[in-house]
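Heads up, the thing below is written out as structure tokens.
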Amino acid sequence: MKRISVRIVLSVVLLVVMLLAVTLSLLLTQTGSRWLLDQVPGLTVEGYQGVLLTDWRAERVHWQQDDLSVQLNTVHMQLRPSCLLRSALCLDTLEVTRLELNLPEAETPTEPEQSITLPDLKLPLSIEVKRVQLGELILNGESLLSDAGLRARWLDDGIHIGEIALSYQDYALQGKGKITPSAGWPLDVQLSAQLPMPDAPRLDIEAQLTGSVQNLTLNAQTQGYLAADIKGQVQALDADLPAQLEIKLASLQVTPDLPETLQLADVIIDLQGDMQKGYHLAGLAQLPNTAEQMQLSVAALLKTSGAQLQALRLSASAEAYVALEGVVDWQNDLQADAQLQWQHFPWHNLLAQDDIPVQLKTLNGQISYNAGAYQGQIDGDLSGPAGPFSLTTAFDGDLEQVQLHELLIEAGQGRLQGTANVGFADGVQWLADIQASKLNPAYWLAELPGELAGAIHSQGFLRDGQLQVDATADLKGTLRGSLTQLDVDLHGTQHGQETPLWQLNKADIRFGDNRITATAQIDQALAAELQLDLPRLVQLWPGLAGKAQGTIKVSGSLAEPLGVAQLEGRGIAYQGNRVGKLTLQGQLLAAQQAHITLDAERIWSGETEFGVLHIDGQGSLETHSGSLSLKGPLLDTQLKLSGAMQDGDWLGQLQQLLLSSHQQNWALEKATAIVYRKTGELTVAAHCLKDGQSSLCAGEQRLLPQTKIDYQLRNFPLATLQPWLPADAQIAGQVNGAFNVELLDKGPLGKVQLDAGKGQLRVKNNDEWETFAWQTLKLNSDLTEQAIKSVLQLTGADSGHLELVADIDPLSEQKKLRGHFLIENVDLSVLRPFIDQVSTIDGVLEGRGTLAGTLLAPSITGFVQIRDAQLSGGELPVPFEQLQLRADIKGEQLQLSGGWRSGENGSGSIQGRVQWAQQLLVDIDVKGEQLPLHAEPYANIEIAPDLHISLKQQRLFVSGEVAVPKGLITIPQLPEQAVRVSSDARVIGQAEPEAGLQVAMDITLNAGAERLRFSGFGLTADIRGNLQVGDNLAGRGMLELLNGRYRAYGQRLQLRRARLLFAGPLSQPFLDIEAVRVTGDVTAGLRLTGPATQPRSEIFSNPAMSQEQALSWLLLGRPLQGGGEDGNVMAQAALALGLMGTAPITNKLAEVIGVQDFLLESEGSGLTSSVVASGRISERISLRYGVGVFEPASTLALRYELTKRIYLEAASGLANSLDVFYKRNF
């Protein structure tokens, strides 16, 4: 029995050993491995080498069962059998260059999905994966991965992922961590992802997954394209997939090219819910760069059957917003409903656009979509330059067409209504009919007010290369006060490559006196004509002037068209640009040869004359040439150019270029090639411009697509700039420079250098020439991708130094700025020729500080001061001596302080501050004592101001007190400004003056505290009084004339009472004046009362007597005796009174005929009384003509000044004479 048992055991052991031996022989031999692989159903292996248990390779492994297939290309696997001895399965290498999976379509589950419960897994042996590398993963023919790698271990305590890496094109994902496959499968995994963004920096994501597979927690941060914090939780195994997600972003700019106003800030997105009830989405954001600090909010509910947009709202305020809400259902057929509401939303602020002529005020719209069909309604209220108008339309359609029903625009009493149908099932078909009635285009274009009425019709199709168009328009009405008509009738067909047939039966456009007519027919032959008759361009557009006429005729065929064009214009002007005469002539000849000439004469831009322009061109597209010449007072230019087309490239040559201006004559040294290639590249060959010893040379330049310029300037004489300098400034020196710049997408790169070396500037100061020499004057700018660094240096030969260093960041949106400046002992006298208002400037300028902020809004910290300065003469009424002025600058404001001396005893001070952060704000106090004020030849007085000057919201405020204690005011004759011009007068050819700065005033004027004298118009007196000056130069108060005498009617009268009463505009005081002559017991006088513009005069006497007797006592000092001499004296008085009233008329008449300093007065007395007119024809020639009042005698005298003291006079009258006079003042 024992022997039998032993045999059985030995037999079993032997059988096991034999099975192991067979298995090992199969797994450890190549033949055995092949046999085992062949036994797997559906498996095909090609190019197999090696053994399964250790190391094997195959070119292709393919397995298929029904619709499921797996294919691996270039497979390599390495196993380590020795790991089995320690209960481990070790996979050292698994490499697959390509893995293709084809999975059958998944069947739609008929039962609701159930929650998944993960089992607890514990393997009998551990698994170690040292390296798994997958090249490309293709699922059902679509590439999902381009590279994948794995390194992991499955031990007793869980799955340790050393590294997992996935990538597809530029997308990449890396991860590592630990997963425990028991008790809910807790995990701790770190993920990194890189996502490319179009035209923007890459998005980098760092995430951590914690918790368990059942309750997963996400914490992530992003950098690059956007910086965000992401937190979330999800129950991944629950059938309803409950989740919660929160995303926070400090800022978000979707694309770099969007304006800053569309940048979002403080973005918060919250998502929570589950698959059954739906996910609630809520979001908030701010647009901080908009003026209104706009707010963006969204609320929605997302479900598996559809979505509900509860609110998408962008608001500038509670009353200004745009909101969208709607519902989408995709459970069966796609259905959607949406409503749009627009309420006074300032959309133009989002794009930083100003001066938008048409504004959308309110808009209500709705649209419904169901299985490919849609319909909707739009109702809007808008406003244009002429006022509000409305827009209403209903539309419907499907995937093949869209129809607009009842399109209606109502603007005031005008209407635009019509229908339109566009189909796109078979090509594109359209049909549109529009009716206009009393339509005012000014609602859209302010420059074209008026009314139009009529109809517009268009229909046609574009199908399979065939085009057919029928269009008519018939509009009539008035625009800009002129009769207007538009009448067009067009028909045309185009069938592929066949000859087209187009016929413009009529095109007649009339605008007032202007008319454009055209007819055309295109088939085998061409026949077209355009007639322009525009005699009054001023009717077409505001600011446009002149007249034009022309003709364009086209004939021939499409293969060889012929044409003639001629256009002529005269007096054409627009926005300050003027052309006296314009002529354009062109011809299109046989063989595609063309010739065109353009001549323009008397070209002006503002006050600058450019002269005469001539352009001539001839040739064909293949070979052509042209020339340009411009001759004028500023610049003479001649240019010759030729070119040819070759394989889509334009090969040109600049043959001649001459530039002459004053003393400069620059010429192109030799012909220069210019090439524009079909790739968009524009280059200019090396060239050189020379003027004597001066040169401006360059190597090969690239202008497009990325500009690269390299110029060298040598020996440029500064003296050639003399024509542009003031007459009392002269400059000498030479400038050398280099301009090497390349404009790349990532930023500019290059250098700019200008060096004036040593030189000098001579200026005339107080009628004496002074020389300012400099040792160094140069500008250097280095341009890099990160910064543009510029340094300006000026060092005087004897003293004075100026330095400015500025670094600009070209990549920042606001162009950030940093730098510093230094000013040491700079002589202010150099500025005298550039300031016309003064004749003398002396002093020293100093300062230093730092620069920050941005290029458009710099922030400066430092100071600038003027010391020991003197300003006098010219238009300055008050001389400034020993002027000390300092400005302390901090950021965007400065503190001003200083003082000065004037005359022997005068002094003044200035204190205040100026700000310019948001708007210009000025707050300054000016005080002075005994300041001499000279306004030759009118005033030599002493003033004491105590004024406060401020500027806020574009309005100037001046308040305080001005004392005028003493001095002399002399008016020898009325200045030109004293002649009142009507407020509605306009000068032809001059633009209307712009509205000046608004000024608010509250100034108290105290006059004559000591003695303020006045002399003028025959009046001498002392002035005393107080006057309050307010807004619009309105005055309140009284000025008295004391101790006065008035010369009138040849007599000196005593002022008994003289007061000017102000209760309104200063130009309209109320007069209360009495001038008397006392002779014995009789007092006779002249009384003036009432407003100064229309005073009432009255002759009075004491004792009372008739007006004739009172006038005789006033003029003769005795009663009227009836003699001829008395009558002559009375006539002389009347004559003088009459001539006083004619001064404004005669002065204007003399100005028109070119007579200067015109004077009309009376001379002599009695029978010798005469009227004399005199004036200057030129600086040296004057004319004098006199006519007798009582005697028929006249005198004509012509005077020519030889020198300031000697003049020659020829006179003709009762006697002729020629005299030489010598004049000397004693």
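A short reminder: the numbers here are calculations on the coordinates, not readings from a lab. Everything quoted here is computed from the prediction, not taken from an experiment. Please note: Cβ atoms are built from the backbone with ideal geometry, for glycine as well, and neighbour counts cover all protein chains shown.
The figures follow:
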| item | result |
| --- | --- |
| 0 to 90° range, to nearest 10: angle between helix 2-27 axis and the chain longest Cα axis | 40 |
| Neighbour-count order for 801, 687, fewest beta carbons within 10 angstrom listed first | 801, 687 |
| Distance in nm between pseudo-label sites at residue 558 and residue 594 (7 Å out along the Cβ direction from Cα) | 1.9 |
| Folded to 0 to 90 degrees: helix 1143-1153 orientation relative to the chain principal axis, Cα | 70 |
| Charge-dipole axis of the stretch 167-222 as Lys and Arg at +1 and Asp and Glu at -1 on Cβ define it, positive-most pick from 207, 171, 182 | 182 |
| Among 621, 455, 878 - extreme Cα towards positive end, dipole of the chain, charges at beta-carbon | 878 |
| Cα coordinate range in the stretch 431-479, projected on the principal axes (Å, largest first) | 43, 17, 12 |
| Added length on full extension, which subtracts the Cα-Cα distance from 0.36 nm per residue, residue 529 to residue 1206 | 236.5 nm |
| Cβ-Cβ FRET estimate between residue 291 and residue 614, R0 fixed at 45 Å, reported to 0.05 | 0.35 |
| Eligible lysines near residue 815 by straight Cα distance, threshold 16 Å, same-chain separation 8 or greater | 746, 789 |
| Rel. contact order, % - alpha carbon contacts under 8 angstrom, at least six apart, the chain | 2 |
| Low-density loop cleavage sites - GluC sites (Glu not before Pro) in the stretch 113-162, where at most 11 other Cβ are within 10 Å (DSSP) | 113 |
| Selected from 783, 794, 808, residue furthest toward positive end of dipole (the stretch 779-822; charges at beta carbon) | 808 |
| Loop-located trypsin sites (Lys or Arg not before Pro) in the stretch 191-287, at most 14 other Cβ atoms within 10 Å (DSSP) | 277 |
| Overall Cα dimensions of the stretch 713-876, principal axis frame, Å, largest first | 55, 38, 28 |
| Relative contact order of the stretch 859-905, defined on C-alpha pairs under 8 angstrom at six or more residues apart (%) | 37 |
| Sparse-neighbourhood loop sites, trypsin sites (Lys or Arg not before Pro) in the stretch 488-578 - DSSP loop, at most 10 other Cβ within 10 angstrom | none |
| Neighbour-count order for 789, 890, fewest beta carbons within 10 angstrom listed first | 890, 789 |
| Burial ordering of 1208, 639, 871, fewest other beta-carbon atoms within 10 Å first | 1208, 639, 871 |
| Two-decimal Rg/Rh across the chain, once Rg and the Kirkwood Rh are taken from alpha-carbon atoms | 1.10 |
| For residue 813, net neighbour charge (Lys/Arg +1, Asp/Glu -1) across residues whose Cβ lies under 13 Å away | -1 |
| Total formal charge among the other residues, if their Cβ is under 13 angstrom from that of residue 140, Lys/Arg +1 and Asp/Glu -1 | -4 |
| Computed over the stretch 713-876: relative contact order in percent, which uses C-alpha pairs under 8 Å that are six or more apart | 15 |
